[in-house]
Amino acid sequence: MILADLAVMSITFATVATALGAIGLFVRDLFSQPAAATRQRLGLAPEEPAGDFDRAFFNLVEEAGAPVDMGTAVALVVGGAIIGGAIPLVLFENLLGAAGGMVLGASLPVAVLLVKRFFRLRKMRQHLPQALQAVADAVRSGQNLSEACELVSQEIKGPLGEEFAYAHSQLELGHSPIGVMNRMVRRVPLPEFRVFATAVVVHRRAGGNLSLLTERMSKAAHDRTDTRNHMLAVTAGSRLSAIGMVLAGVIALIVLGWMQPEYIQTFVEHPRGPWLLATSVLLQVVGAIWVWRILKPLS
């Protein structure tokens with residue numbers, strides 16, 4: 001009994017300490033300075049990790065445009081897992097609930113990054129044709145790459161304009177265009193921009209008509225955006241049907257629990273009930289991901 005009390009006290013202390021530390025780091029990085037001011041100089045920018053899992057999480061943080069570094073993001077995930085697991089364990093002494101709470105707590109920061117990444121890339125994809133056309137016009141008029149980036153940052157608002165403003169500041173500091181473009185590709189993971197960055201690298205090494213290629217990439221980005229919007233319109237009914245199928249099961253469970261709570265209680269208290277419930281939730285998630293992948297438009 002004494003060991004159990006000590007374990008609960010230790011978990012509670014670790015939970016509170018981790019939560020306060022994670023919240024403090026998050027508030028410091030999120031509200032202390034604007035996002036553009038927290039970006040490191042190109043020479044001090046973090047390198048991409050070697051492992052596949054670390055690389056995927058690093059790219060998620062970069063592509064989401066989060067004003068926190070990878071270490072802080074990992075601390076938020078770990079803190080969320082500890083808090084999510086400690087609440088059911090301390091309040092209800094439920095190990096299964098603690099396991100589910102840990103998964104949910106760790107998933108929330110990742111879900112926030114995924115949502116930020118989705119909306120950020122959508123805004124970038126919308127403004128990319130205009131930005132590339134502005135670069136082509138600036139280069140054709142005799143301006144260099146740094147001046148072209150400055151022009152785009154003044155004309156384009158949102159995350160894409162911020163990235164071109166960052167590129168302009170790094171070029172003015174004396175960094176090479178090749179290094180600036182390679183760094184910029186991480187935070188603008190669009191196929192047309194990758195081709196544009198490659199064209200800049202080739203132009204710096206071998207020369208060529210950069211304005212003509214950039215103008216063609218602008219037209220390609222515009223056509224790709226139109227195709228994507230058309231596919232979204234065509235598959236709208238199927239996507240809504242898939243969402244309705246997922247929500248129907250959740251709504252049916254809520255209504256059944258409200259009208260006949262004893263039925264739900266009997267099901268949960270049965271030895272196989274929690275496992276059947278977990279299996280059904282897992283199948284729902286797998287089915288939703290499957291349908292989403294099938295109906296996913298061009299990236």
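The values are calculated or read from the model by the stated rules, or taken from the named source; none is laboratory data. All of these numbers come straight from a predicted model, not from anything done at the bench. Cβ coordinates were reconstructed from backbone atoms using ideal geometry, including for glycine residues, and neighbour counts include every protein chain displayed.
Looking at GLU63, GLU93, which is the one that is outside the structural domain of ARG186 (by TED's automatic domain parsing), out of contact with any His (no Cβ under 7 Å at 6 or more places or on another chain) and closer than 21 Å to LEU121 by Cβ? First the steps, then the outcome.
Values: GLU93 fails: closer than 21 Å to LEU121 by Cβ.
Residue meeting the stated conditions: GLU63.
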Give the residue, chosen from ILE294, ILE289, that is in contact with a Ser or Thr (Cβ under 9 Å, 6 or more places away or on another chain), under 30 Å from ARG122 (Cα atoms) and surrounded by 10 or more Cβ atoms within 10 Å (Cβ to Cβ). ILE294
GLU215 fails exactly one of the following numbered conditions: (1) outside the structural domain of GLN133 (by TED's automatic domain parsing); (2) among the charged types (D, E, K, R); (3) at pLDDT 80 or above. What is the number of that condition? (1)
Suppose the filter is crowded, with 20+ Cβ neighbours inside 10 Å and of a type outside the set (Ser, Thr, Tyr); does LEU76 pass it? yes
Would you confirm whether or not region 90-110 contains a residue that is buried (at least 20 other Cβ atoms within 10 Å of the Cβ), touching a residue at least 40 places away in the same chain (Cβ under 8 Å) and part of a helix (DSSP H, G or I)? no
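For GLY142, indicate whether it is part of a helix (DSSP H, G or I), without any contact (Cβ under 8 Å) to a residue 24 or more places away in the chain, of a type in the set (Gly, Ala, Ser) and surrounded by fewer than 19 Cβ atoms within 10 Å (Cβ to Cβ).
Working: part of a helix (DSSP H, G or I): no; without any contact (Cβ under 8 Å) to a residue 24 or more places away in the chain: yes; of a type in the set (Gly, Ala, Ser): yes; surrounded by fewer than 19 Cβ atoms within 10 Å (Cβ to Cβ): yes.
Considered against the rule, which asks whether it is part of a helix (DSSP H, G or I), without any contact (Cβ under 8 Å) to a residue 24 or more places away in the chain, of a type in the set (Gly, Ala, Ser) and surrounded by fewer than 19 Cβ atoms within 10 Å (Cβ to Cβ), GLY142 comes out as no.
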